[in-house]
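Contents: one structure, followed by commentary.
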Amino acid sequence: MKLTNLVANSIKRYFRLGSDEMVESDEATRDIREIKWHLEAIDCSMELLTKANKDNILAEIMSFFGKSKRKAEVFLAVNEKRTVDDITELLQMKESNVSRELTSLKNEGLIELWKLTSEGHRIYRKRKVDRILGISRILKQEFGINDM
């Protein structure tokens, strides 16, 4: 069964009500397990492809950062916990500059929106490519930045 069909059927089952709710729930649980298995397989494939093309990908990423220490600092400050305000305060930068860099990093595919706080503050996280290629480690060395 194609992954998109599997997802669609699981969603339909999840929202269906009636006497056969328990049976549907078991089917939905099996479908969810299968979806998770497919996602793990996709992640493994992406990791292998990324590692196989490591040099080209790193060259492109480092070209994106160029000589911008500010962009590197903002990237390194992203940690799944800090809000934009927290990063602004930590780096002692203007919020508009931090927001601009976060948007740039997001558009480049290096970070993603992780969650919104109950107050509406945004929290970002680094994408898996950071872990796979060691981008944070390289940026710390390249720009002489200590842990944040």
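Just a few scattered comments:
- Summarising the amide proton neighbourhood of ILE111: residues at separation of 5 or more, or on other chains, whose placed amide H is nearer than 5 Å comprise LYS106, ARG127.
- A crude spin-label estimate for the pair ASP26 and GLU89, with each label 7 Å from Cα along the Cβ direction, gives 5.2 nm.
- Over all other residues within a Cβ to Cβ distance under 12 Å of LYS69, the charged ones net out to +1, with Lys and Arg as +1 and Asp and Glu as -1.
- Partners for LYS128 among lysines (Cα-Cα distance below 24 Å; same-chain residues under 8 apart left out): LYS36, LYS51, LYS54, LYS67, LYS69, LYS71, LYS81, LYS106, LYS115, LYS140
- Whole-angstrom gap from segment 127-148 to segment 53-111, using each part's C-alpha centre: 11 Å
- In a DSSP loop and with at most 12 other Cβ atoms within 10 Å, the trypsin sites (Lys or Arg not before Pro) in segment 32-79 are LYS67.
- Descending principal axes extents, segment 55-143, alpha-carbon based, whole Å: 41, 24, 19
- Coupling constants for segment 121-126 follow from the phi torsions by the Karplus curve (6.51 cos²θ - 1.76 cosθ + 1.60, θ = phi - 60°), and in residue order they are 7, 8, 10, 10, 9, 6 Hz; glycine and proline get x.
Readers should treat all values here as calculations from the given coordinates under stated rules, not as data from a laboratory. Every value quoted in this text rests on a predicted model; they were computed, and no experiment measured them. Methodologically, a virtual Cβ is constructed for each residue, glycine included, from the backbone with ideal geometry; neighbour enumeration extends over all protein chains shown.
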